[in-house]
Structure formats: structure tokens, C-alpha cells
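Asker: One structure follows; several queries about it will come next.
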């Protein structure tokens, strides 16, 4: 019996190691979201370019779009931004949510690096980010023409990510076109 007690720490270690291995083997960009298949949460936030105007969830009605959470303080957003400009030039509708940032810095960023956003609003206090379950920036949500979140990606959207996300985007655009006929 005394010898068996010696193996208890080893057993605990093996169980913990198994949980750690399981967690490390997951793709961190595919964090689950309870909002998949649900509408974009209600919000009313100032337009980044025209702060006297407010943007709300109705912006997601009628067109498949990406909701991109970004900030000038975000290093990964600097990496992602040129690809978003490229997507916008290809006709992909991108709505920007400037997250916990200073308006002047965000406007300067867009002027210098290009503005891929059809609409851009600011969530300076992070209230919508909390409702969306944002872990950080960048995060990108694929939203269908009815304002329903269909997919969430945490991290940089690049060519490799867009290969998968773009296929979903094109399917939703095709579904929207079928419904309009």
C-alpha cells in the first residue's frame, strides 16, 4: 500500500500533461464563439470618420461582410492590413471596428496605410467587443446578409486563412444572390 502512494504524484502529473497536450494541440485561431449562427449584438457606436453619426447593427443587413476588429496599437493588425486593402480592392465588403484606440491615431493610420473599410466605427470603451467575446485584435467575423455571424477568426487574415474563409464568404454571397432572384 505504501508503494502505491508513491505513484499518486506520477498519476496526477500524467493527467495534467494530457490536458496540457490537448490544449496545445488546438489551433488558437479557431476559438469557439457562442455567437455563431446568432445576430451581431445590438450596438450604436460613433462612426470613426464622422463621430456625430452613429453606426448600429443594421449596417450588416443586405450584404455579406467581414467585421474586422483592429487597432493602431496592434502589431498583428499591421501585418494584416495590406491584405485587407487587397480584399477590399477585390470587392469584399469589410466593416471596421476600431477597438480601444485614439481617433487621431486611427485616422492617421488609415490615411497612411489605406482604408479597406466600407464603414468604420469606434469601440473606444470595448463594450461591443465584450458582447462579441473579443479576445484581442485582430479578430474577424464573417457576417451574412441578414446580420448573422457565420464564422469567427482570431488572428491575422492572410492568403492562407482567406483560402478557407473566402470560400465561406463566396458561398454566402451566392446564397444571397439566389435569395434575391
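Asker: Looking at 114, 147, 155, which is the one that is touching a helix residue (DSSP H, G or I) at 6+ places or on another chain (Cβ under 8 Å), surrounded by 15 or more Cβ atoms within 10 Å (Cβ to Cβ), at pLDDT 95 or above and under 22 Å from residue 61 (Cβ atoms)?
Answerer: 147
Asker: Whether any residue in the stretch 108-131 is more than 24 Å from residue 38 (Cα to Cα) and touching a strand residue (DSSP E or B) at 6+ places or on another chain (Cβ under 7 Å) is what I want to check.
Answerer: yes
Asker: Go through the residues of the stretch 91-101 one by one and say whether even a single one is closer than 29 Å to residue 160 by Cβ and loosely packed, with under 14 Cβ neighbours inside 10 Å.
Answerer: The answer is yes; a qualifying residue exists.
Asker: Restrict the check to the stretch 158-166 and report whether at least one residue is within 21 Å of residue 88 (Cα to Cα) and touching a helix residue (DSSP H, G or I) at 6+ places or on another chain (Cβ under 6 Å).
Answerer: Yes, there is a match, as at least one residue in the stretch 158-166 is within 21 Å of residue 88 (Cα to Cα) and touching a helix residue (DSSP H, G or I) at 6+ places or on another chain (Cβ under 6 Å).
Asker: Same structure again: Considering every residue within the stretch 74-88, establish whether at least one is surrounded by 15 or more Cβ atoms within 10 Å (Cβ to Cβ), free of Cβ contacts under 8 Å to residues at least 60 places away in the same chain and touching a strand residue (DSSP E or B) at 6+ places or on another chain (Cβ under 8 Å).
Answerer: Yes, because at least one residue in the stretch 74-88 is surrounded by 15 or more Cβ atoms within 10 Å (Cβ to Cβ), free of Cβ contacts under 8 Å to residues at least 60 places away in the same chain and touching a strand residue (DSSP E or B) at 6+ places or on another chain (Cβ under 8 Å).
Asker: Same structure again: What are the pairs with Cβ atoms under 9 angstrom where one residue, in the stretch 161-181, is at positive phi and modelled with pLDDT under 95 and the other, located anywhere, is crowded, with 16+ Cβ neighbours inside 10 Å and part of a helix (DSSP H, G or I)? Sequence gap at least six, or different chains.
Answerer: Nothing qualifies.
The values are calculated or read from the model by the stated rules, or taken from the named source; none is laboratory data. These numbers come from a predicted model, not from an experiment. Because the Cβ atoms are built from the backbone with ideal geometry, glycine has one as well, and the counts that use them run over all protein chains shown.
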